[in-house]
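*Asks:* Have a look at this one before I ask anything.
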Amino acid sequence: MTQRWNDLLFAHWPIPADEMARLLPAGIKVDNFDGYAWVGVVPFWMDQVRTRATGERCITVPGTATFCELNLRTYVRSRTTGLRGVYFFSLDAASALAVVGARTFFHLPYFFASMYRRIESDGTVEYSSNRLLSSRRVRFKARYRGLGDFAGPSREGTLEHFLTERYCLFTHHAGQVLVGHIHHLPWPLEAAEAEIALNELPAAHGIVLPDRPPVLHFARKLDVYIWPPREDR
């Protein structure tokens, strides 16, 4: 499957590694930076979603031409292979078809949400999300923008590289850890500024954020290739 991700905000907070470890399924472990686990909230919008039909032919997925997505994630390693990747606590999306498809074929914790985005003349993104069909309110509201100072790909060993240069995802289904591989060019990161007015995602999944501002990055767009998850071995 191919997708293009647009106007991404990466907002990250450090979390004690032992607190994060209690929230992870068996088979994966915390990947830490400077002794901390990190949790990220990432709003963006997606377009150019295509999937392979037969042979080399790809088709556009009906009902998924353009939609918003918001994910809550952390960074982990496989206990089996040591592979580094992303673990999603939740992925909220404004496309019901995308939610059903991702839950069915990728076994990812997608949720249907009412979402809104507007891009102002100076590039500021106004973004909101309200999870639907949920037993509790899970809302997010923010204004953010990139500051335009792209300095090239992040360097290995830096926090920026640790948080963003991840080329697989892990999920858990039927008692097994699954891994799905992802391919893309290095992230074109910029510094960012953001006003996060409401963020109920972490608390909804048992995560307590520290009382400090998040580390912020922004990326304007990136083409991504995703393969279905398979058993991690």
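The values are calculated or read from the model by the stated rules, or taken from the named source; none is laboratory data. Since we're looking at a predicted model, the values are computed, not measured. Heads up, the Cβs are rebuilt from the backbone with ideal geometry, glycines too, and the neighbour counts pull from every protein chain shown.
*Asks:* Criterion first (under 30 Å from residue 231 (Cα atoms) and at pLDDT below 95) does residue 113 satisfy it?
*Replies:* The answer is no for residue 113.
*Asks:* Just to verify a result, which residue in region 92-120, among those that are farther than 24 Å from residue 193 by Cα and of a type in the set (Phe, Trp, Tyr), is surrounded by the most Cβ atoms within 10 Å (Cβ to Cβ)?
*Replies:* Residue satisfying both the conditions and the ranking: 110.
*Asks:* Within region 36-83, track down each residue that is surrounded by 15 or more Cβ atoms within 10 Å (Cβ to Cβ), of a type in the set (Ser, Thr, Tyr), under 26 Å from residue 231 (Cβ atoms) and at pLDDT 90 or above.
*Replies:* Matches in region 36-83: 74, 75, 78.
*Asks:* Could you please give the count of residues in region 136-189 that are of a type outside the set (S, T, N, Q) and within 21 Å of residue 69 (Cα to Cα)?
*Replies:* Residues meeting the conditions: 30.
*Asks:* Let me ask you something else. Looking at region 13-30 only, could you name the residues that are of a type outside the set (Asp, Glu), free of Cβ contacts under 8 Å to residues at least 40 places away in the same chain and farther than 16 Å from residue 172 by Cα?
*Replies:* Correct list: 16, 17.
*Asks:* Could you list, in sequence order, the residues of region 152-184 that are of a type in the set (Ser, Thr, Tyr) and in contact with a Cys (Cβ under 9 Å, 6 or more places away or on another chain)?
*Replies:* None; the set is empty.
*Asks:* It is to be established whether one or more residues within region 76-85 are in a strand (DSSP E or B), closer than 30 Å to residue 31 by Cα, in contact (Cβ under 8 Å) with a residue 40 or more places away in the chain and touching a His at 6+ places or on another chain (Cβ under 8 Å).
*Replies:* No - not one qualifying residue is present in region 76-85.
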